[in-house]
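Each remark here refers to the structure printed beneath this line.
The values are calculated or read from the model by the stated rules, or taken from the named source; none is laboratory data. Model, not experiment: these values are computed from the prediction. For neighbour counting, all protein chains shown are included, and Cβ atoms are generated from backbone atoms with ideal geometry for every residue, glycine included.
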């Protein structure tokens, strides 16, 4: 097991096969149901989803902590802000 400064995600969302902008909307809705400071792992397809969703989340005030290329998909770790 590799050392990591990140905590274990509080929830996971598999959006592989989900088109834009639906994947951003679903991610945002899921984050809104989580506790402030909660960490969500989102699985996204390559191409438009991984190119658009992280930037859209950052513009919406969420913290994209890590993007991992898992070969067939991307794993995105997003944290809900503690305030706001």
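Annotations for the structure displayed:
- Flag if residue 18 is surrounded by 13 or more Cβ atoms within 10 Å (Cβ to Cβ) and under 12 Å from the mean Cα position of the chain (by Cα): no
- Residue within segment 28-38 that is part of a strand (DSSP E or B) and either in contact with a strand residue (DSSP E or B) (Cβ under 7 Å, 6 or more places away or on another chain) or surrounded by fewer than 18 Cβ atoms within 10 Å (Cβ to Cβ) (or both) present: no
- Residue check, residue 54 buried (at least 17 other Cβ atoms within 10 Å of the Cβ), closer than 21 Å to residue 83 by Cα and free of Cβ contacts under 8 Å to residues at least 40 places away in the same chain: yes
- Check on residue 51, part of a strand (DSSP E or B) and modelled with pLDDT of 95 or more: no
Residue-by-condition table, conditions (1) in contact (Cβ under 8 Å) with a residue 60 or more places away in the chain; (2) surrounded by fewer than 18 Cβ atoms within 10 Å (Cβ to Cβ); (3) at positive phi:
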{"position": "61", "(1), (2), (3)": "no, yes, yes"}
{"position": "66", "(1), (2), (3)": "yes, yes, no"}
{"position": "69", "(1), (2), (3)": "no, yes, no"}
{"position": "72", "(1), (2), (3)": "no, yes, no"}
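- Residue match in segment 15-25 (condition: assigned to a strand (DSSP E or B) and on the phi < 0 side of the Ramachandran plot): no
- Number of positions in segment 4-14 that are in a loop (DSSP other than H, G, I, E, B) and modelled with pLDDT of 95 or more: 2
- Residue pairs meeting the criteria (Cβ under 7 Å; at least 6 apart or on separate chains; first on the phi > 0 side of the Ramachandran plot and modelled with pLDDT of 95 or more, in segment 30-48; second in a loop (DSSP other than H, G, I, E, B) and surrounded by fewer than 18 Cβ atoms within 10 Å (Cβ to Cβ)): 37/82
- In segment 74-84, the residue that is farthest from residue 14 (Cα to Cα) out of those that are part of a loop (DSSP other than H, G, I, E, B) and in contact (Cβ under 8 Å) with a residue 24 or more places away in the chain is 83.
- Residue in segment 56-78 that is touching a strand residue (DSSP E or B) at 6+ places or on another chain (Cβ under 7 Å) and modelled with pLDDT under 95 present: no
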